[in-house]
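Everything on this sheet refers to the single structure shown next.
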Amino acid sequence: MLKRSVILAAISVAVMSQAAQAAEQIRIVGSSTVYPFSTTVAEQFGKTSVFKTPIVESTGSGGGLKLFCAGIGEQHPDIANASRRIKSSEVERCASNGIVDIIEVKIGYDGIVIANTRKSQQFDLSLRDIFLALAKDVPAGDGQLQPNPYKTWNEINPDLPATRIEVLGPPPTSGTRDAFVELAMEGGCNEFDWIKALKKSNKPAYKTLCHMVREDGPYIEVGENDNLIVQKLDANPTALGIFGYSFLDQNADKMQGSIVNGSEPTFENISDGQYPVSRPLFFYVKKAHIGRVAGIEEFMAEFTSEKAWGDEGYLSDKGLIPMSDAERNGWYSKVQALANLTM
């Protein structure tokens, strides 16, 4: 019995030790787009501070915020990355689980690219082309709709290749998917005057029409891993893929972004607003975990330092599009004040 008690005591000490270690290490979940930026900051933070390198997991924006909002305590993440702003429904879910104080941090911008391998010709697309290629239902004339009949790109636009429409992209849980349908597909949807007018008369019907992605084959969901999309495009010269600009930047030797509405997805075009499919990036901090988990405030300070997110910061080398000086200063002040999220 004594031996058994000693073993149980040893196990208890080990478990307590693991719990203490977990409380000393920040856990971050969320967006696959923000993942490389967050990982870079985490590695820098681990090297230059007295704190452990944070654990960063790529779960997708929606999946990450679901984990984040599940509760308070060491079994729940401390920070959630997101390639879109948190939704009011997610804030409500957080509140229902006792998470009422959330710090929002905008870190910069990213473009959503529609890319293919450099083995093939570069696409020159309009937002209208994108909508007609990927929407579940499309205009049939005289204000009517029909299930999307288009199988090849040249059926939509004779200037496009006579190749099968095959687009690899993220699932509905992805912030990249949310932003893509809002910016690219809705932008193309608005090229049709009668659909644009529908936004005022029947907003739910308008949103369903403009945001609903076809499910008959041309759009292929490939999960939250943008690197996997890049690999599949390299193996399939006729396909296009949807992912963040940072992944295009990292794979520029073999991937090329499509021109959209006359603008190429370059750092300069995204930063000055010329490229039409760009979005802000965020991370969210559970305020109740500050003080419970070592280093959260210091990690936030590293992420929002000029050496990280500034014009010449190390994150711009990874493809992050910096905010203007004024916008960075505004968000930096909020971080310093640990200001609560306002919707």
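On the stretch given as the range 226-268, residues that are in contact (Cβ under 8 Å) with a residue 12 or more places away in the chain, within 19 Å of the chain's Cα centre (by Cα) and not in a loop (DSSP other than H, G, I, E, B) total 17. So, residue 58, is that one surrounded by 24 or more Cβ atoms within 10 Å (Cβ to Cβ), touching an Asp or Glu at 6+ places or on another chain (Cβ under 8 Å), of a type in the set (S, T, N, Q) and under 17 Å from residue 176 (Cβ atoms) or not? No; evaluated as a whole, the condition is false for this residue.
A search for C-beta distances below 6 Å between a residue of the range 42-66 that is assigned by TED's automatic domain parsing to the domain that holds residue 227 and any residue that is at pLDDT 95 or above and part of a helix (DSSP H, G or I), counting only pairs 6+ apart in sequence or on different chains, returns nothing.
Considering every residue within the range 62-80, establish whether at least one is closer than 13 Å to residue 30 by Cβ, in contact with an Asp or Glu (Cβ under 6 Å, 6 or more places away or on another chain) and among the aliphatic types (A, V, I, L, M). Yes, the range 62-80 contains at least one residue that is closer than 13 Å to residue 30 by Cβ, in contact with an Asp or Glu (Cβ under 6 Å, 6 or more places away or on another chain) and among the aliphatic types (A, V, I, L, M). In the range 141-150, the qualifying residues are those that are not in a strand (DSSP E or B) and not hydroxyl-bearing (Ser, Thr, Tyr), and the one that is farthest from the chain's Cα centre (by Cα) is 142. Name the single residue that is surrounded by the fewest Cβ atoms within 10 Å (Cβ to Cβ) among those in the range 191-206 being assigned to a loop (DSSP other than H, G, I, E, B) and out of contact with any helix residue (DSSP H, G or I) (no Cβ under 7 Å at 6 or more places or on another chain). Once the filter is applied, the top-ranked residue is 202. Of all the numbered requirements in (1) touching a residue at least 60 places away in the same chain (Cβ under 8 Å); (2) not in a loop (DSSP other than H, G, I, E, B), residue 328 misses one, and that requirement is (1). Can residue 135 be described as assigned by TED's automatic domain parsing to the domain that holds residue 231, crowded, with 19+ Cβ neighbours inside 10 Å and more than 27 Å from residue 34 (Cβ to Cβ)? Here the answer is yes, as residue 135 does meet what is asked. The set of residues in the range 151-190 that are in a helix (DSSP H, G or I) and of a type in the set (D, E, K, R) comprises 155, 177, 178, 182, 186. Residue-level analysis places residue 134 among those that are of a type in the set (A, V, I, L, M, F, W, C) and under 27 Å from residue 223 (Cβ atoms).
On the basis of being in contact with a Ser or Thr (Cβ under 6 Å, 6 or more places away or on another chain), buried (at least 22 other Cβ atoms within 10 Å of the Cβ), touching a residue at least 60 places away in the same chain (Cβ under 8 Å) and not β-branched (Val, Ile, Thr), does residue 281 make the cut? For residue 281, the condition - in contact with a Ser or Thr (Cβ under 6 Å, 6 or more places away or on another chain), buried (at least 22 other Cβ atoms within 10 Å of the Cβ), touching a residue at least 60 places away in the same chain (Cβ under 8 Å) and not β-branched (Val, Ile, Thr) - is met.
Elements of the type strands (runs of 3 or more DSSP E) sitting completely within the range 20-135 and holding at least 1 residues that are among the hydroxyl-bearing types (Ser, Thr, Tyr) and either at negative phi or at pLDDT 95 or above (or both): these cover 102-117.
Residue 216 meets each of the listed conditions (1) under 29 Å from residue 43 (Cα atoms); (2) among the charged types (D, E, K, R); (3) out of contact with any His (no Cβ under 8 Å at 6 or more places or on another chain); (4) modelled with pLDDT of 95 or more apart from (1).
The values are calculated or read from the model by the stated rules, or taken from the named source; none is laboratory data. None of these values were measured; they are calculated from a predicted model. Because the Cβ atoms are built from the backbone with ideal geometry, glycine has one as well, and the counts that use them run over all protein chains shown.
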